[in-house]
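To start, the structure under review is shown below, and the notes come after it.
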Amino acid sequence: MKILAIDDQQLVLLPLQKRLETLGYQVVTETNAENAITLFNTFKPDLVIVDINMPIISGLDIVKHIKQSSRPNTFIIVLSGNTDDAVISAGFNLGVDHYLKKPLSLNEVCVRVKHLLGAPKPKLKLSKNSIIIQKRCVGVVIPCYNEALRLSSDAFLNYISKYSGYHLCFVNDGSTDNTLHILQDLQKGRSHYITVYNCEKNGGKAEAVRLGMLHMAKQKDLDFIGFLDADLSTNLQDFDNLVKTLESSNFKIVSGSRMHRMGANITKASARRLISYSINIMIRKILKMDFNDTQCGAKIFKKEVIGVAFNKKFVTQWIFDVEIFKRIAIHYGLKKAKTMLCEQPLKRWIHADGSKLSFKDSFKIIGQLMQIAWVYKL
């Protein structure tokens, strides 16, 4: 039994193809809708799984082609993030068999397929830990400098094995330990989900993040791109909550905040907290925005603002987050910038041992803030 799966985002197709092939189906995938029509005519599938919102040719156009072809009785499942009632009605009026809305469990997709085609391997049970097929695809940049002892490889692998639609880009910032080899091992066999961007010389976190963000912005199938600290002081589940806010709102940037609130697990050394509070007052004066925490290492962006935020090198190494918000305010105007930025409290943030930023460095930040104020005023 043959299945043709069509979606313009490869990150959606990969887990779907793997699971269906495990169940015994012959699966071909295609990200280009025009090529998919040709494939339908030559491959002659028993079932087509198709997305709706694709460039040039929509999923409904593909459904029309199937119904007007020599094989109009081919089963069709729509798998889409489009929840518009008119579109759903149009799909059923054209003759689709199921309309499944993202996000949803991969197990549910497999059950629907089995219902239509039967099971090539009837004794094979569905996985208990089903992957979630997401509505959007996200690139995550993770800067790494001498992280061999702190990098939680299992945590990253467990997450991308459970949640589809994530592509991790680890940027090795000229590490002098075994970090690069660990990252390369992490990538083996997972190049569709993991990229290793290697900087031969250490350029600092700001430049590592900037180069990673620009690299990921070239990936056409990513909707949003963000960055996250390698030590996972902000965990991936909290990061996904930032993504959900960006996805369901008109904001262009959602930034994590380590502000204390009931029910949140936020830990910082008391001395570090006092220094952070003092620095934050200065940042508010420079940005003219009431940010509680610009320096949290978890932020997610819509692709349209990445050029504005990251095209030019940053003036400072550690507080480039302030520069990002300053660039957005200058480019769009302060009033509009305030409507584009969202600061979202985290449920968990743990200060990890081995931080690269010392207390002495914290005092240097004050000088860097003055530098930002001067440069961006000019």
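Quick notes on this one:
- Segment 51-93, residues that are among the acidic types (Asp, Glu) and crowded, with 19+ Cβ neighbours inside 10 Å: ASP51
- All positions within segment 282-302 that are farther than 14 Å from VAL254 by Cβ and either at pLDDT 75 or above or assigned to a strand (DSSP E or B) (or both): LYS288, GLN295
- Contacts under 8 angstrom Cβ, first residue in segment 236-249 being outside the structural domain of THR83 (by TED's automatic domain parsing) and more than 14 Å from CYS137 (Cβ to Cβ), partner crowded, with 20+ Cβ neighbours inside 10 Å and among the basic types (Lys, Arg), 6 or more apart: LEU242/LYS299
- In segment 96-119, the residue that is surrounded by the most Cβ atoms within 10 Å (Cβ to Cβ) out of those that are of a type outside the set (D, E, K, R) and part of a loop (DSSP other than H, G, I, E, B) is VAL96.
- Test: ASP185 is of a type in the set (Asp, Glu), surrounded by fewer than 19 Cβ atoms within 10 Å (Cβ to Cβ) and in contact (Cβ under 8 Å) with a residue 40 or more places away in the chain: no
- Single match in ASN158, ASN178, ASN172 (criterion: surrounded by fewer than 15 Cβ atoms within 10 Å (Cβ to Cβ), out of contact with any Lys or Arg (no Cβ under 8 Å at 6 or more places or on another chain) and within 23 Å of PHE224 (Cα to Cα)): ASN158
- Condition met for ILE275 (assigned by TED's automatic domain parsing to the domain that holds GLY226, of a type outside the set (D, E, K, R) and modelled with pLDDT under 70): yes
The values are calculated or read from the model by the stated rules, or taken from the named source; none is laboratory data. If you're wondering where the values come from, they're calculated on a predicted model, not measured in any experiment. Using ideal geometry, Cβ is built from the backbone for each residue, glycine included, and neighbour counts are taken over all protein chains shown.
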